[in-house]
Amino acid sequence: MNKKVLKTLEYDKIIAQLVEYASSPMGKEACRSLEPMTDLDEIRTALMETSDALSRIWKQGSLSFSGTRDIRPSLKRLTVGGSLGMGELLNIASVLKVAARVKNQEDYEDSLSERFAALEPLTHLRAEIERCILSEEEMADDASPELKQIRRKIRTTNEQVHNQLSALISSQTTRTYLQDSLITLRNGRYCVPVKNEYRAQVPGMIHDQSSTGSTIFVEPMAVVKLNNDLRELAISEQKEIERVLADLSSRAAEFIEILEDDLNLLSELDFIFAKAAFGKALKCSCPEFNDKGLILIKNGRHPLLDARTVVPIDIHLGRDFNSLIITGPNTGGKTVSLKTVGLFTLMGQAGMLIPAFEGSQLAVFKEVFADIGDEQSIEQSLSTFSSHMTNIVHILEQADSESLVLFDELCAGTDPTEGAALAIAILEFLHNMKVRTMATTHYSEIKLYALETEGVENACCEFDVASLRPTYKLLIGIPGKSNAFAISGKLGLPDFLIEEAKKNLTTKEIAFEDILADLETSKRTIEKEQLEIAGYKAEIETLRNKLQQKNDKIDAAKDRIIERANAQAKAILEEAKELADSSIRELNQAKAAGSVRDMEKSRRTLGEKLKSKADKPKLSTPAAADKQYTAKDFHIGDRVKVLSLNLEGTVSTLPNAKGEMFVQMGILRSQVSMNDVLIIDEADVNGPGYQNAPAKGGKSTGSGKIKVSKSLGVSTEINLIGMTVDEALMALDKYLDDAYLAHLPSVRIVHGKGTGKLRQAVQNHLRKCKYVKEYRLGEYGEGEAGVTIVVFK
């Protein structure tokens, strides 16, 4: 890709912005050296990596590579066996720390997974460096036992020196010899400031004197040896520090290749994530690349313009036409349209996302040429036209079918007639070579050429004459007007001059401009109608969705009501069953006690409870009977079904004046409305093979009455004494069935003690009985071993 077009299309400014998103020196270096590629596979791979990085940013947030130092010089020194300083080792630890932080990010299966997986944090090496080195100028005492011991001695010796000197300056005799009562350091040795006239009174080594000569700095003889010891300890300390650094360098040298790989991987990831962060900031998307010369930009925004004010444009090239001629007034957006297409192409081929909608397409071009802007050259004595023509000549020599060519104001700056002729010839040459070309112009002849030539299309930048402002919208398929007369009139040019100018136009030119005006008006009308239709479609779709949601809510509410009603009905039935079981037990107990009064009292209580339940609002009932009955339709003994309870029973009393009657349902006797019952045909009850019940009004013993009689006639005890085993088991089996159907909670079987055979046979039978919960021998007062107590499930 030629370097000139990168500057012409301001690609260098994009790179300058991209560099700011990189964190590491190598990442910034990779951004600065980023240039468009021409291999389709490489471009797609780079775009995929950038898109995957952007996806990770959206899911996990920004990934920082801050702390990735350039350790390449340090690694070279390690390669030749050199020893590194504390700062260099800390840089290596910083790189490993970044590697660990990046590797700990939640991983995804994408094009970057291998890079993340290949990172080696070398945790042990980093931990050892951070343990030994506190900063670039300080090593930890615990770096080695020897260093710790040396520094302990240094602290002890320092204390001794300070104690000696403090005693010296505190002495009443010596204090008069000193200029100040303080301890100072000269040439790395502790001294005291002595007045020059008393220098002989303080024996020691002189290391310095003040600028006036009135003060000399003396190292008293009492601390000379201690200061010498300090100097020796300092030398030992430095040697031990160098030994520790050499040891750490030796450990790092074992992982030179891994460190190089980590550095390269982090630099590549930093570079890729910088492109992704740039795309996120500009709300970019990934373009689809092709090798067919097809360009389709949807709502493209020039990345260097203010995102809050830039007007998106739609451009397509290479499908129905290879050349696009853009016309319209100055400052209308023609040049921006050219630069947007060129810059998007360069960015996309560099693996960067573009600020456009999803689904935008770009083509791979071997070269991009652009002749844009004023290229007048004073040094070469070239006019604007000559400079442009020199550039155009170079473009025509280099361009081919795999090139994109952009012309701004093609062949302007010379005689309009000759310029238009030259421009048409150049465009025709490029068109015949199937070069993808975009050009802006004010020449009407070029507009007419585009109308007449297949594969060449007109476009214009829309201009609102009423407000004298461009809309910056690109309209493909319509040639634009320069609107020179309208703009001049709006700016205050007298009308008579404008009318005089119009007279200078030929009839053909006026007709052509009128056609352009009509086309633009029609285009606006069609677009307005299309927007209205789209609005109607959106409104219809919204209404349809609302209706669907409403229907879904109704269906859901219906299901909830039915489910709730079923649950409540089930609860009512369970409550009725519990009530029935309780009443049966009470009646059995009353019968066993022989109290008729208690039985009647239990019956009345049961009736009141059932009536109270029947009086409650019914949330859900089975389907009502199709036939409406009268009091004459019912007879005592008729089989009916009580719909509210979903139970079958026998009519006990005829309906009263309110249409209410008593129905016996097993052990339950309830007062119900005749509108809540369904008469059952006796043939349906008896089933096939049974003789039909007597006619209505005749004597009848319904099944309900039989069950009630059986329930009330079952005793809580059976006596098997005197029977053989077979006779006893037959009687016991029938008795247990009757007792279980009568809902007796437990019964007493009397089999006697005897030889124990009858007791064993009874218990073997009970063991096989499915509705027996448990059984046991009687206790004291119950008959002991001569009795078995049975409890039902």
At most 15 other Cβ atoms within 10 Å and a DSSP loop assignment: could you name the GluC sites (Glu not before Pro) in segment 745-793 that fit? Glu779, Glu782
Quote the FRET efficiency, to the nearest 0.05, computed for Val791 versus Thr755 with a Förster distance R0 of 35 Å and r equal to the Cβ-Cβ distance. 0.85
Per residue, what accessible area does segment 174-271 have, given a 1.4 Å probe and all protein chains present, in Å²? 53 Å²
Please give the contour-minus-distance gain from Arg152 to Ile526: 0.36 nm per residue of separation, less the Cα-Cα distance, rounded to one decimal in nm. 125.5 nm
Please give the charge dipole size of segment 319-372, origin at the Cα centre, charges +1 on K and R Cβ atoms and -1 on D and E Cβ atoms. Round to the nearest 20 debye. 60 debye
With respect to the cross-link table entries Lys28/Lys298; Lys195/Lys225; Lys103/Lys280; Lys28/Lys280; Lys283/Lys339, which display a Cα-Cα separation exceeding 28 Å? Lys28/Lys298
Span from the segment 395-411 Cα centroid across to the segment 1-50 one, whole angstrom: 23 Å
Would you calculate the separation in nanometres between label points at Glu42 and Lys283, each defined as 7 Å from the Cα along the Cα-to-beta-carbon direction? 3.3 nm
Can you tell which of Leu40, Ser83, Ile71 lies farthest toward the positive end of the dipole of segment 2-98, using +1 and -1 charges on the Cβ of basic and acidic side chains (Lys, Arg; Asp, Glu)? Ser83
Using θ = phi - 60° and Karplus 6.51 cos²θ - 1.76 cosθ + 1.60, couplings along segment 188-197 (whole Hz; Gly, Pro as x): x, 10, 7, 9, 10, x, 10, 5, 4, 6
Taking only protein heavy atoms and a 1.4 Å probe, the highest-to-lowest accessible-area order of Tyr443, Tyr11, Tyr198 is Tyr198, Tyr443, Tyr11
Pull up the DSSP beta bridges for segment 713-793 and report the antiparallel fraction as a percent, rounded to 5. 75 percent
Computed label-point distance, nm, for sites Glu452 and Lys503 using a 7 Å Cα→Cβ extension: 3.1 nm
Length released on extending from Leu547 to Arg243, taking residue separation times 0.36 nm less the Cα-Cα span: 101.3 nm
Assuming R0 = 41 Å, can you tell me the calculated FRET efficiency for the pair Ala118 and Asp314, based on Cβ-Cβ distance, to the nearest 0.05? 0.45
Highest mean first, how do 628-640, 760-772 rank when packing is the count of other Cβ atoms within 10 Å averaged over residues? 628-640, 760-772
Counting Lys and Arg as +1 and Asp and Glu as -1, each charge on the Cβ, what is the dipole of segment 147-235 about the Cα centre in debye, to the nearest 20? 380 debye
Estimated FRET transfer efficiency when R0 is 45 angstrom, pair Asp633-Arg748 (beta carbons, to 0.05): 0.45
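Could you please report the charge total around Gly27, scoring K, R as +1 and D, E as -1 over all other residues with beta-carbon less than 9 angstrom from its beta-carbon? Walk me through the intermediate numbers first.
Working: positive: Lys28; negative: Glu29, Glu268, Asp270.
That sum, taken over residues with Cβ under 9 Å, equals -2.
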Dipole of segment 749-793, positive direction: furthest Cα of Val791, Val750, Val772, with charges on the beta-carbon: Val772
Cut-off 20 Å, label 7 Å out along Cα→Cβ of Asp12, residues of segment 299-330 by amide N: 303-305
Is the shape of segment 346-461 best called rounded, prolate or oblate, per the rule: a/c under 1.5 gives rounded, else a/b larger than b/c gives prolate, else oblate, with a ≥ b ≥ c the square roots of the Cα gyration tensor eigenvalues? oblate
If you roll a 1.4 Å probe over the heavy atoms of the protein chains, what accessible area per residue do you get for segment 18-72, in Å²? 50 Å²
Once you place label points 7 Å from the Cα toward the Cβ at Asp415 and Leu304, how far apart are they in nm? 3.6 nm
Kindly identify segment 127-180 as rounded, prolate or oblate by the Cα gyration tensor criterion: order the square roots of the eigenvalues as a ≥ b ≥ c, call it rounded if a/c is under 1.5, otherwise compare a/b with b/c, prolate if a/b is larger, else oblate. prolate
Go through 266-277, 158-169 and give me the packing order, highest mean Cβ count within 10 Å leading. 266-277, 158-169
Percent carbon-and-sulfur accessible area, segment 141-216, ignoring ligands, DNA and RNA, probe 1.4 Å: 45 percent
Accessible area per residue, 1.4 Å probe, Å², for segment 404-456: what's the number? 41 Å²
So, over other residues within a Cβ distance under 14 Å of Val750, counting Lys, Arg +1 and Asp, Glu -1, the net charge is 0
Ordered by packing density, taken as the mean number of other Cβ atoms within 10 Å over each peptide's residues, highest first, how do 15-21, 340-346 rank? 340-346, 15-21
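Between Glu539 and Gln164, what is 0.36 nm times their sequence separation minus the Cα-Cα distance? Round to one decimal in nm.
125.4 nm
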Within segment 421-435, what residues put their amide N at less than 19 Å from the label point 7 Å along the Cα-to-Cβ vector of Asp291? 434-435
Classify segment 211-260 as rounded, prolate or oblate from the Cα gyration tensor: take a ≥ b ≥ c as the square roots of its eigenvalues, call it rounded if a/c is under 1.5, otherwise prolate when a/b beats b/c and oblate if not. oblate
Net charge of neighbours whose Cβ lies under 15 Å from the Cβ of Leu185, counting Lys and Arg as +1 and Asp and Glu as -1: 0
Could you work out how far the C-alpha centroid of segment 173-225 sits from that of segment 73-134, in angstrom? 52 Å
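The values are calculated or read from the model by the stated rules, or taken from the named source; none is laboratory data. Note that this is a predicted model, so its numbers are computed, not measured. Positions of Cβ are generated from backbone atoms using ideal geometry, with glycine treated the same way; all protein chains shown enter the neighbour counts. For accessibility, only protein heavy atoms count, side chains too; no ligands or nucleic acids. Shrake-Rupley method; radii C 1.70, N 1.55, O 1.52, S 1.80 Å.
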